[in-house]
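A.B. asks: Dropping a structure here in structure tokens format, bear with me for questions.
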Ligand SMILES: [Mg+2]
């Protein structure tokens, strides 16, 4: 059977690596007297509104975390992305990290053996608008930011929302999003998509 390569977009923080655990460490070390934070308390994407801190304080925490964080892989991300690559699929990693962290981010992905065809920094735009400049058709995008995921679903065939406490409550009334809980589930979902896309041989 002829296999069509898929164009797969993948977010970094909250999908490939566990950013928030390092953020929580940064928060506790900067504000040892403030209330303790746990991942499950973070039920909104906006950390300002979760914590009740000023925008510039959260910016500083994110910046320190990005620079000093000892990031761990979300289990299976490296293995499953390598499997997609060896099957011929194109992996476009698209991040909301600022462009100034490009070298640091490349080093991180290299250290974690994350394969990709291209790394895209979205800058100030929405991810959908930025990735379409790279590639006119995306089959799959894996994202943990609900606002981005909903926007991506305008044109990306299948948008997978990597389930996290901050994106867990979307009613998904249009049915255009699919929650996934692990990289093994992503593997399975992509295989199903590939099977559905395969031309029927008469
Ligand atoms: Mg993310």
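A.B. asks: Can you tell me which residues in region 163-193 are within 14 Å of the ligand (Cβ to nearest atom) and touching a strand residue (DSSP E or B) at 6+ places or on another chain (Cβ under 6 Å)?
C.D. replies: Listed by number, the residues that qualify are 163, 167, 180.
A.B. asks: Answer yes or no: is there a residue in region 112-128 that is within 14 Å of the ligand (Cβ to nearest atom), surrounded by 20 or more Cβ atoms within 10 Å (Cβ to Cβ), at pLDDT 95 or above and not in a loop (DSSP other than H, G, I, E, B).
C.D. replies: No.
A.B. asks: Identify all residues within region 74-94 that are free of Cβ contacts under 8 Å to residues at least 40 places away in the same chain and either touching a strand residue (DSSP E or B) at 6+ places or on another chain (Cβ under 9 Å) or part of a strand (DSSP E or B) (or both); write none if there are none.
C.D. replies: 85
A.B. asks: In addition: Does residue 33 qualify as being under 23 Å from residue 147 (Cβ atoms) and either in a loop (DSSP other than H, G, I, E, B) or assigned by TED's automatic domain parsing to the domain that holds residue 96 (or both)?
C.D. replies: Numbers: under 23 Å from residue 147 (Cβ atoms): no; either in a loop (DSSP other than H, G, I, E, B) or assigned by TED's automatic domain parsing to the domain that holds residue 96 (or both): yes.
It is false that residue 33 is under 23 Å from residue 147 (Cβ atoms) and either in a loop (DSSP other than H, G, I, E, B) or assigned by TED's automatic domain parsing to the domain that holds residue 96 (or both).
A.B. asks: So which of 57, 40 ends up being outside any loop (DSSP other than H, G, I, E, B), touching a helix residue (DSSP H, G or I) at 6+ places or on another chain (Cβ under 7 Å) and either away from the ligand (no atom under 16 Å from the Cβ) or on the phi > 0 side of the Ramachandran plot (or both)?
C.D. replies: Working: 57 fails: touching a helix residue (DSSP H, G or I) at 6+ places or on another chain (Cβ under 7 Å).
That would be 40, the only listed residue that is outside any loop (DSSP other than H, G, I, E, B), touching a helix residue (DSSP H, G or I) at 6+ places or on another chain (Cβ under 7 Å) and either away from the ligand (no atom under 16 Å from the Cβ) or on the phi > 0 side of the Ramachandran plot (or both).
A.B. asks: Condition (residue is farther than 20 Å from residue 118 by Cα and over 15 Å from the mean Cα position of the chain (by Cα)) applied to region 87-107: is it met by at least one residue? So that I can check it myself, show each step before the final result.
C.D. replies: Start the filter on region 87-107 by keeping residues that are farther than 20 Å from residue 118 by Cα, which leaves none.
Checked region 87-107: no residue is farther than 20 Å from residue 118 by Cα and over 15 Å from the mean Cα position of the chain (by Cα).
A.B. asks: How many residues are within 27 Å of residue 188 (Cα to Cα) and either away from the ligand (no atom under 13 Å from the Cβ) or in a helix (DSSP H, G or I) (or both) if we restrict to region 131-144?
C.D. replies: Let us first name the residues in region 131-144 that are within 27 Å of residue 188 (Cα to Cα), namely 131-132, 134-144.
Right, trim to either away from the ligand (no atom under 13 Å from the Cβ) or in a helix (DSSP H, G or I) (or both) and you get 131-132, 134-140.
Summing the residues that are within 27 Å of residue 188 (Cα to Cα) and either away from the ligand (no atom under 13 Å from the Cβ) or in a helix (DSSP H, G or I) (or both) in region 131-144 gives 9.
A.B. asks: Next question. Provide a single number: the residues in region 8-24 that are more than 17 Å from residue 122 (Cα to Cα), touching a strand residue (DSSP E or B) at 6+ places or on another chain (Cβ under 7 Å) and not in a helix (DSSP H, G or I). Spell out the reasoning first.
C.D. replies: Quick first cut of region 8-24, residues more than 17 Å from residue 122 (Cα to Cα) only: 17-24.
Now restrict to residues that are touching a strand residue (DSSP E or B) at 6+ places or on another chain (Cβ under 7 Å): 17, 19.
Among the residues that remain, those that are also not in a helix (DSSP H, G or I) are: 17.
Here the count works out to 1.
A.B. asks: Does residue 155 satisfy being within 17 Å of residue 9 (Cα to Cα) and either part of a strand (DSSP E or B) or under 14 Å from the mean Cα position of the chain (by Cα) (or both)? Give the steps one after another, and end with the answer.
C.D. replies: Details: within 17 Å of residue 9 (Cα to Cα): yes; either part of a strand (DSSP E or B) or under 14 Å from the mean Cα position of the chain (by Cα) (or both): no.
No.
A.B. asks: Within the bounds of region 4-23, is there any residue that is under 30 Å from residue 136 (Cβ atoms), away from the ligand (no atom under 16 Å from the Cβ) and at pLDDT below 95?
C.D. replies: Among the residues of region 4-23, at least one is under 30 Å from residue 136 (Cβ atoms), away from the ligand (no atom under 16 Å from the Cβ) and at pLDDT below 95, which makes the answer yes.
A.B. asks: Continuing with the same structure: Spot the failing condition for residue 47; the list is (1) in contact (Cβ under 8 Å) with a residue 40 or more places away in the chain; (2) in contact with a helix residue (DSSP H, G or I) (Cβ under 8 Å, 6 or more places away or on another chain); (3) within 16 Å of the ligand (Cβ to nearest atom), and only one is missed.
C.D. replies: Single failed check for residue 47: (1).
The values are calculated or read from the model by the stated rules, or taken from the named source; none is laboratory data. From a predicted model like this one, the values you see are computed outputs, not experimental measurements. Cβ: placed from backbone, ideal geometry, glycine included. Neighbour counts: every protein chain shown.
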